[in-house]
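First up is the structure itself, then whatever we jot down about it.
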Amino acid sequence: MKLVSIAGKAERLNEAITACLRSGVFHIENAGKLLGTAEDSGGRTDNNPYAEPLKALMELNLRQIDMSAAAGDADYSPAYILTETRRISDRLHDVREALTELRTRITDFESASIHLKHLTGSDVDLGELTKCRHIQHRFGRMPEESMKKLEYYSDDGFIFQVYHTAHEYVWGFYFATQERIQAADAIMKSLLFEQYALPEELSGTPEQALQELQIKLTESKAKLEKLEKEEAEIYSSEAKSLASMYRCAKYQNEVSKLRSQCILTSEKFNLMGYVPDADKETFDKALRQLDDLSVTYEEPWTNSKVQPPVRLKNGWFTKPFGMFVEMYGLPNYNGYNPTTFVAITYTLLFGIMFGDLGQGLLLALIGFLLHKKMNFELGAVMSRIGISSAVFGTLYGSVFGFEEMLDPMYESLGISFLPLKAMENTNTIIFGAVGIGAAIIIISMLVNICVRLKNRNYEEGIFSNNGIAGLLFFSSMLLLIVGLVADVHLVPTGVIVAVAAVTLILMFFREPLGHWMAHKHYEFPGMGDFIASNFFECFEFLIGYTSNTISFIRVGGFVFSHAGLMGVVMLLADMIGKDHMSVLTVIIGNLFVMGLEGLIVGIQVLRLEFYEIFSRCYDGDGKPFQPITVTFDDFSEAVQSEQAAKA
């Protein structure tokens, strides 16, 4: 990144922001925060002249307008947009009111039709009910079990008449005098009565009313279709004007909001942000058309309160794995980009856990096609891990689950230890998985040490459980275990125990030692609190070393799982017999194992990356590079304002 400072006359600020927007490579920052000044930013959003016109346009429901219909980037004044918006709104007013009323009416008719079906067969005259002056009625339903409770209210001055029973509900009317209707309403509500309002214009029996309602519903839908067509014609005739005005208002609205990130006085402005070094020429070209601007580039201020943004730069092989890093969090600007480490370890571990030559090549092919044809980002990852799966499948001798297919090849080559049969080499695979896990943990610690020492964080880099002290302690414990299990003593046991003891003491006193090396004052919390907290933290470190290492046993476990699942598929195929059904069983079984186990293995490897690797050497507290842009298809008023708030 390059830190860009743009200065010029105050009246040219909008032009400068517009040029930065059109460049597509400028990440704006709050100039006041970067410079650490107390100056007030001049571009307040409450003085935004395009806020009201944009709000008026948004009220016109522009989702049915094609924004590409706009004739270029026209420039309109706020007054003109408001006048034109009111004119179009007036054209739509009567139609939209009629549409709202008609849609409500149709909804009521449809609801009434559903409820009237529960009254068919009765001879009640709905028209006569509405004419009653002294008797009030309510229509609805309540649970059938509430009918038993209704007997307790037989003397409360109302009557409930049941007309239909279905699905554990009863439908009907209850009647009461005007004086008693409120009390009846309260009682029926306690009995879970659900009231439904019927249209007042209904008359005759429920069957007659239902027929009349269906006629009105058909007529209303025909009117609705006519009005919707009329509304669409108005939008169509005004589409070009609406699209142009919306683009102008949205663009100028965002420019006004971005002014709040600048330092603005009565005479000059200062606009600051970041541009990728590779896009510097593109940015220069966008600003070249403006005169009287001072543009300076410098290295990012990494000691500033405002953290520089990050855009990962990765090679061809590692680039697709950047999505996993972004899921966890980007590194800070001076941090470590773990994408290469993730790409290597993820590919390696997936291949070990899902080793099959045929399935691996098929997975790679599917991933390649998904990435090329559908631009599916995960497809690029699938193509890489598929190749790894094929390589380890070759070592295991497995081709679509056929474990003996590659045996003749290795016999002809005279390689006796290959293929590595999973079920015949359990100890090798389990100890190998633990060994790979230990090696990855050690590499993670080395990465952490380099990053922390680079940033002069001596407590984490030297004395922490993932620093030099932790690395020596973990390595000494590994040597001790190897000596006990394999009876191979590479280093004298006394030396190993001494190193482990010294490094454990260093981890216990990591905080005061780290402050001492950084020449910082350490506030001693008290002897009791210090001993208790550090004792339990060191105990947690010991548990963590053990659990993190053992966690890699799952790598070997999935080798057995894959072999076992394919063994079941082959057993089913043999039971069916040697015909087309057997071949179909093998095909379906392979597809099932690829889908199910491939997904599970992918998730488990990602878990190992996040919890066993990233937790040791990576923070993920960086800020993403977000060039300021204006979008015209979200119909929202807060796009750049969100970025401004974050800045």
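The values are calculated or read from the model by the stated rules, or taken from the named source; none is laboratory data. Fair warning: this is a prediction, and the values are worked out from it, not measured in the lab. We place every Cβ from the backbone using ideal geometry, glycine too, and count neighbours over all the protein chains shown. Just the protein is used for accessible areas: all its heavy atoms, side chains included, with ligands, DNA and RNA removed. Shrake-Rupley method; radii C 1.70, N 1.55, O 1.52, S 1.80 Å.
Descriptive notes on the structure:
- Taking the Cα centre of the chain as reference, the dipole from Cβ charges on Lys and Arg (+1) and Asp and Glu (-1) amounts to some 1600 debye.
- Over the chain, dividing the summed -39,500 (n - 2.57) contributions of all DSSP H runs of at least 4 residues by the number of residues returns a 222 nm mean residue ellipticity of -19000 deg cm²/dmol.
- For the chain, accessible area per residue (1.4 Å probe, heavy atoms of protein chains only), Å²: 53
- Cα gyration tensor shape for region 349-421, rounded if a/c is under 1.5, else prolate or oblate: prolate
- Taking the Cα centre of region 266-316 as origin and assigning +1 to Lys and Arg Cβ atoms and -1 to Asp and Glu Cβ atoms, the resulting dipole is close to 280 debye.
- Among Leu406, Leu82, Tyr458 - extreme Cα towards positive end, dipole of the chain, charges at beta-carbon: Tyr458
- Region 164-241: chymotrypsin sites (Phe, Trp or Tyr not before Pro) in DSSP loop, at most 16 other beta carbons within 10 Å: Tyr196
- Glu194-Arg607 pseudo-label distance in nm [points 7 Å out on the Cα-to-Cβ vector]: 4.3
- With a Cα cut-off of under 24 Å and a minimum spacing of 8 residues unless on different chains, the lysine pairs in region 99-196 number 4.
- FRET efficiency for the pair Met147 and Gln64, taken as 1/(1 + (r/R0)^6) with r the Cβ-Cβ distance and R0 = 51 Å, rounds to 0.50.
- Full extension of the chain between Leu453 and Ala186 yields a length gain of 88.7 nm, computed as 0.36 nm times the residue separation minus the alpha carbon distance.
- With 27 Å as the limit, the listed pairs Lys250/Lys373; Lys280/Lys319; Lys221/Lys250; Lys257/Lys305; Lys280/Lys373 have Lys250/Lys373; Lys221/Lys250; Lys280/Lys373 beyond it between alpha carbons.
- Kyte-Doolittle mean at least 0.0 and Cα axial length at least 24 Å: DSSP H helices in the chain: 357-374, 377-396, 426-454, 468-486, 527-550, 553-576, 580-607
- Ordering Met272, Phe283, Leu242 by the projection of their Cα atoms onto the charge dipole of region 231-291, which places +1 on the Cβ of Lys and Arg and -1 on the Cβ of Asp and Glu, puts Met272 at the extreme positive end.
- Under 18 Å of direct C-alpha separation, and excluding same-chain neighbours fewer than eight residues apart, Lys55 reaches these aspartates and glutamates: Asp46, Asp75, Glu84, Asp90, Glu238, Glu254, Asp633, Asp634, Glu637, Glu642.
- Ranked by how many other beta carbons lie within 10 Å on average, peptides 75-88, 514-527, 385-398 from highest: 385-398, 75-88, 514-527
- Whether the chain is rounded, prolate or oblate, judged on the alpha carbon gyration tensor where a/c under 1.5 counts as rounded: oblate
- Ordering of 347-353, 320-326 by packing [mean C-beta count within 10 Å, highest first]: 347-353, 320-326
- Scoring 303-313, 270-280 by mean Cβ neighbours within 10 Å over their residues and listing the highest first yields 270-280, 303-313.
- Ordering Val499, Gly379, Asn332 by Cα displacement along the dipole of the chain toward the positive end leaves Val499 in first place; charges were set at the Cβ atoms of Lys, Arg (+1) and Asp, Glu (-1).
- In straight-distance terms, cross-link reach from Lys226 covers every one of the lysines whose alpha-carbon lies under 24 Å from its own, apart from those fewer than eight places away in the same chain; here that gives Lys216, Lys240.
- Relative contact order for region 437-583, counting Cα pairs under 8 Å that sit 6 or more residues apart, in percent: 19
- Between Met374 and Ser113, the simple label model (points 7 Å from Cα in the Cβ direction) yields a spacing of 3.9 nm.
- Normalised by the number of residues in region 373-483, the mean separation of alpha-carbon contacts (under 8 Å, six or more apart) gives a relative contact order of 13 percent.
- Label-point gap, in nm, between Val491 and Ser582 - each point 7 angstrom along Cα→Cβ: 5.7
- Three-way shape label, region 134-197, alpha-carbon gyration tensor, a/c 1.5: prolate
- Only aspartates and glutamates eight or more places from Lys9 in sequence, or on another chain, were considered; those with a Cα closer than 13 Å are Glu267, Asp291, Asp292.
- Carbon + sulfur, % of accessible area of the chain - ligands and nucleic acids excluded, 1.4 Å: 58
- Considering only alpha-carbon pairs that sit under 8 angstrom and 6 or more positions apart, the relative contact order computed for the chain is 21 percent.
- Relative to the current alpha-carbon distance between Ser266 and Asn534, full extension at 0.36 nm per residue lengthens the span by 90.7 nm.
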